[in-house]
Amino acid sequence: MTALIPKLTEDIGPSANLSRSTNNPGSSIAKRSGQILILGNDARTVLPVARSLGRQGLKVQLNWFDNNPLLKCSRFISICHTDVLDAQHPAETLARLLACVEQNSIETILPTSDAACIFLHQSRSKIPLHIHLGMSDSAACETVFNKNLTAELARALSIAIPAQEIVNNPQELDLLANQFSGQVALKPLCSSDGNSSKQFATLYPDLKSCQKNWPEKLAGPLQLQEYFEGEAQGIVFLASSGNLMVAMQHRRLHETSGHGSTYRESIPLNQELLSATKKILKELNYTGVGMCEFRVNPENGKWVLLEINGRFWGSLPLAINAGLDFPYYYWQLLVGETPDVPECYQHGVRCRNLRQDLRWMWRQGIGKHSDPYGTNGWKMNSVSRFELFSHALRLLTLQDHLDYYSRDDLRPFLQEIKAVLSAPCRRLKKKFSNW
């Protein structure tokens, strides 16, 4: 079996704890005054987690956040630490993290990025056992953070996946010409390089284009995957010891290949996709939050599993606005409480990332989507002019939720508005300076 990628570049040192298991969370009930440390720099996940827990009266601190201005100004984050995740020097990074945990009386650690999850997975035996660690056990992590192992699991469970192969260099593509005749995606086996930066999938119109534009900055092995035509949908979940506790399904209305979505909608659970998700969770004996990502062809109903995200997902604000408070349920599970999970969620709720979705609609409006492979494989799904107008009208008439807007925590949203307005101002300034 393929090892988890990336591997830490140096040994962390002797193990302090060898028996940590997150499949038995909450051996003792944590006090409501216990401090929670969130690790990550993506405001799409960090901000809703911090707000969810802060509204319950819990104290939230943040680390490894790369000085993100949207996160620094949230009223629900009491302390922003300035450490960085340096996978090249794991021993020093871990020492700083453990010092932060001890000095600030941290009781729960919640990683929200692939990089943070991978680092903690590699370091979990060194983390004190009294700390509630918000991730599944080692075997599950090895699978969900490695796309090749995820594919092997899906095959073993008879879950449909696209045609795919592992490749190491562009020369190997010559041998696969008979297997891949149309669009293909080239993906790193792990979505993180071990530090804070993400590694994205790239979409190509055919194998020749992939071979010609091979991404040299991505180290092999890589996953070559047939592109499955259809709509991107996800089932997000919380599970305990392989048993599904709560799930929600959404579809992407505006998406970019390899870069997530900017506009999504909650929809009813598809029983076939839900069954596949349950099989995976049961086989992995999974405990924690995550998302199974599918593509569904609406014309014939066929679908495939693309990958599993073993952490909080980028569209988390949608789930919360639809009535499912996943961060709080997960914290309750970790500390031994019984999560108060509702029986259903709202369908038809829509939520968008304002800044990124404005960019998406602008590119659609000026026709940039007609050359979908022109910018590092950054391909958008296509919508009709009527749909584009309808989606823009919903934004103007305040019918949809926004990722960063919250009445009880306005400063991150105001920071986003500032960023939205500053971009055209910079372009105008540059234009006039050239006159």
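Laid out as a table, the results:
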quantity	calculated
Residue count for region 67-76, restricted to those that are modelled with pLDDT under 95 and exposed (fewer than 15 other Cβ atoms within 10 Å of the Cβ)	3
Pair list, Cβ < 8 Å and 6+ apart or interchain, from region 360-373 residues that are closer than 20 Å to ALA185 by Cα and at pLDDT 50 or above to residues that are charged (D, E, K, R) and buried (at least 18 other Cβ atoms within 10 Å of the Cβ)	HIS369/LYS379
When residues of region 77-117 are limited to those that are among the small types (Gly, Ala, Ser), part of a helix (DSSP H, G or I) and under 29 Å from ALA419 (Cβ atoms), the one modelled with the lowest pLDDT	ALA115
Flag for ARG264 being within 18 Å of TYR345 (Cβ to Cβ), among the charged types (D, E, K, R), crowded, with 19+ Cβ neighbours inside 10 Å and not assigned by TED's automatic domain parsing to the domain that holds SER191	yes
Residue that is farthest from ALA201 (Cα to Cα), among those in region 146-160 that are in contact with a Leu (Cβ under 6 Å, 6 or more places away or on another chain) and of a type in the set (A, V, I, L, M, F, W, C)	ILE159
Residue count, region 211-243 (criterion: within 16 Å of GLY310 (Cα to Cα) and hydroxyl-bearing (Ser, Thr, Tyr))	2
In region 229-273, residue modelled with the lowest pLDDT [restricted to those that are acidic (Asp, Glu) and in a strand (DSSP E or B)]	GLU255
Search result, residues across region 134-187 that are charged (D, E, K, R) and in a helix (DSSP H, G or I)	GLU142, LYS147, GLU152, ARG155, GLU172, ASP174
Subset of region 137-181 that is in contact with a His (Cβ under 9 Å, 6 or more places away or on another chain) and touching a residue at least 60 places away in the same chain (Cβ under 8 Å) - its residue that is nearest to GLU229 (Cα to Cα)	PHE145
Verdict on SER241 being of a type outside the set (D, E, K, R), touching a Ser or Thr at 6+ places or on another chain (Cβ under 7 Å) and either free of Cβ contacts under 8 Å to residues at least 24 places away in the same chain or surrounded by fewer than 22 Cβ atoms within 10 Å (Cβ to Cβ) (or both)	yes
Residues satisfying the stated conditions in region 274-289, i.e. on the phi > 0 side of the Ramachandran plot and surrounded by fewer than 22 Cβ atoms within 10 Å (Cβ to Cβ)	ASN285
Residue match in region 198-212 (condition: of a type in the set (S, T, N, Q), within 30 Å of ALA91 (Cβ to Cβ) and at pLDDT below 90)	yes
Filtered residues of region 334-360 (kept if under 23 Å from GLU293 (Cβ atoms), out of contact with any strand residue (DSSP E or B) (no Cβ under 6 Å at 6 or more places or on another chain) and among the hydrophobic types (A, V, I, L, M, F, W, C))	CYS344
Pairs, first farther than 11 Å from VAL246 by Cβ in region 332-349, second exposed (fewer than 14 other Cβ atoms within 10 Å of the Cβ) and of a type in the set (Asp, Glu), C-beta under 9 Å, six or more apart	GLN332/ASP340
Subset of region 290-314 (residues that are in contact with a helix residue (DSSP H, G or I) (Cβ under 6 Å, 6 or more places away or on another chain) and either surrounded by fewer than 18 Cβ atoms within 10 Å (Cβ to Cβ) or touching a residue at least 60 places away in the same chain (Cβ under 8 Å) (or both))	PHE294, LEU305, GLU307, ILE308, GLY310, ARG311, PHE312, GLY314
Search result, residues across region 374-415 that are within 23 Å of the chain's Cα centre (by Cα), of a type in the set (D, E, K, R) and modelled with pLDDT under 95	LYS379
Residue check for ILE79: β-branched (Val, Ile, Thr), in the same structural domain as HIS130 (by TED's automatic domain parsing) and surrounded by fewer than 19 Cβ atoms within 10 Å (Cβ to Cβ)	yes
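The values are calculated or read from the model by the stated rules, or taken from the named source; none is laboratory data. Being a predicted model, the structure only gives us computed values, none of them experimental. Backbone-built Cβ (ideal geometry, glycine too); neighbour counts: all protein chains shown.
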